Amino acid sequence: MKKITITVAGFAVILFAFKSPNVDMSLQRSITIDSLGACQGISYQNGRIFLYGDREVGMIREFKMVGDSLTYLHKEYKLTVNGQDVISHPTGIAYNGTGPTFMGNSVKMNPEGTLWKTNIYCIDWNALLKKGTLDGPLLNTIDDDACIQGTRPEYVKYHNKWYVATADYGNHGNDVRLYDPEKLKNCKKTSDPGVLYKKFSCTPWVQNLKWIADKGILVLIQNKIEGRQWRFTYVDLEKSIDAGKQVVISQVDRIDRGDELEGFSFLGNDQTGIAVTSSRTNNVNFTKITW
């Protein structure tokens, strides 16, 4: 923090200029978690850790930290209805403990990546954890037709109100969009009136989003090139929405990994986290964050 003194009409005024944080991240260690298929993301919920992937069907497994070890709790949830795969390629879990829970599903329909099937599902989260499948807990299926390439829901707060943020995956025309959760949970498509609240443009290859509530920061979890290499872009959410384009606080490119970064979450603080990849080995990676 830097102190600046200026004189206005004979009065000395002291202002404090705050420097934006220079975020750094380092890879501490990597482990292999099996039976996830290609891991697509991680959701940390008050000490509960959920890893989700696209095995023979879309699925979630629950873990917890025991000391410095990630321990499987032998709880698995299949994203199926009547035994049929529904959320086959889960991309994001928007959970805040109070509002409706949403999950994304992003499936590329052609090799060129110009045609996508992108749905957001409204889910009774507690019922899913009890039932083990989406038979009953699936409340609504929403066509995310406002997107360009893929969907990855995450709760954020803007002007003290919750919204569901999501982002595109591609190399052009990418946006972060904010949806009204109350309208989203009942709509048929995200282009319905009133669902989309605000949006801002962002850089390519966003795989997932992570909201840091106490800092007002949204982390874009990205690849440097399509499907490869790691990038974390920390943006000021409010400034980005107001400007209509991402306002970057810090960008982390220094972790030298060539595989496909898929998701990231902090572990109850802003210094430790887990980054997950779609690799068959070393797919769960413990990170240290310094501000």
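Amide H to amide H distances under 5 Å link V247 with D236, S240, where only residues 5 or more positions off or on other chains count and H is placed in the peptide plane.
So for region 100-250, averaging the separation of alpha carbon pairs under 8 Å that are six or more residues apart and normalising by length, what relative contact order in percent results? Value for region 100-250: 16 percent.
Candidate values (i) 19.5, 77; (ii) 18.6, 52; (iii) 19.3, 63 were compared with Rg and Dmax of the Cα atoms in Å computed on the shown model; the agreeing label is (i).
Sorting 163-169, 88-94, 22-28 by average packing, meaning the other beta carbons within 10 Å per residue, from highest down gives 163-169, 88-94, 22-28. Once the convex hull of all Cα atoms in region 54-153 is built, its volume per residue stands at 131 Å³.
Distant-in-sequence amide contacts of W211, defined by a placed amide H-H separation under 5 Å and a gap of 5 or more residues or a different chain, comprise V219.
Per atom type, the chain shows carbon and sulfur on 49% of its accessible surface, probed at 1.4 Å. Hey, how much of the P(r) for region 175-291 falls beyond 25 Å, as a percent of Cα pairs? Above the 25 Å cut-off, region 175-291 has 30 percent of its Cα pairs. When the pairs K75/K189; K117/K215; K198/K224 are compared against a 28 Å limit on Cα-Cα distance, K75/K189; K117/K215 fall above it. 3J(HN,Hα) along region 69-85: 10, 8, 10, 6, 8, 6, 10, 10, 10, 9, 8, 10, 10, 6, x, 9, 4 Hz, from the Karplus curve 6.51 cos²θ - 1.76 cosθ + 1.60 with θ = phi - 60°, whole Hz, x for Gly and Pro. Modelled spin labels at V107 and T71, positioned 7 Å past Cα toward Cβ, are 3.7 nm from each other.
Sorting W205, W230 on solvent-accessible area from highest to lowest, probe radius 1.4 Å, gives W205, W230. Remark on I49: its backbone amide H falls under 5 Å from those of F63, a criterion applied only to residues 5 or more positions apart or on other chains, H modelled at 1.01 Å from N. Dividing the mean sequence gap of close Cα pairs (under 8 Å, 6+ apart) by how many residues the chain holds gives a relative contact order of 18 percent. In a GNM of the chain with a 10 Å cut-off on Cα contacts, which of L51, L73, L138 has the highest mean-square fluctuation? In this elastic network of the chain, the residue with the biggest mean-square fluctuation among L51, L73, L138 is L73. Annotation note: GluC sites (Glu not before Pro) in region 41-77 located in DSSP loop regions with a Cβ neighbour count of at most 13 within 10 Å are E56. For the chain, modelled as a Gaussian network with Cα springs under 10 Å, which listed residue fluctuates most, T114, T203, T277? Fluctuation is largest for T114. Distance between the pseudo-spin-label points of V248 and D270 (7 Å out from Cα toward the beta carbon): 2.0 nm.
The values are calculated or read from the model by the stated rules, or taken from the named source; none is laboratory data. It should be emphasised that the depicted structure is a prediction, and the values quoted were computed from it without experimental measurement. A quick note on method: Cβ atoms are made from the backbone with ideal geometry, for glycine too, and the neighbour counts reach across all protein chains shown. Remember, those area values only see protein heavy atoms, side chains included, never the ligands or the DNA or RNA. Shrake-Rupley method; radii C 1.70, N 1.55, O 1.52, S 1.80 Å.
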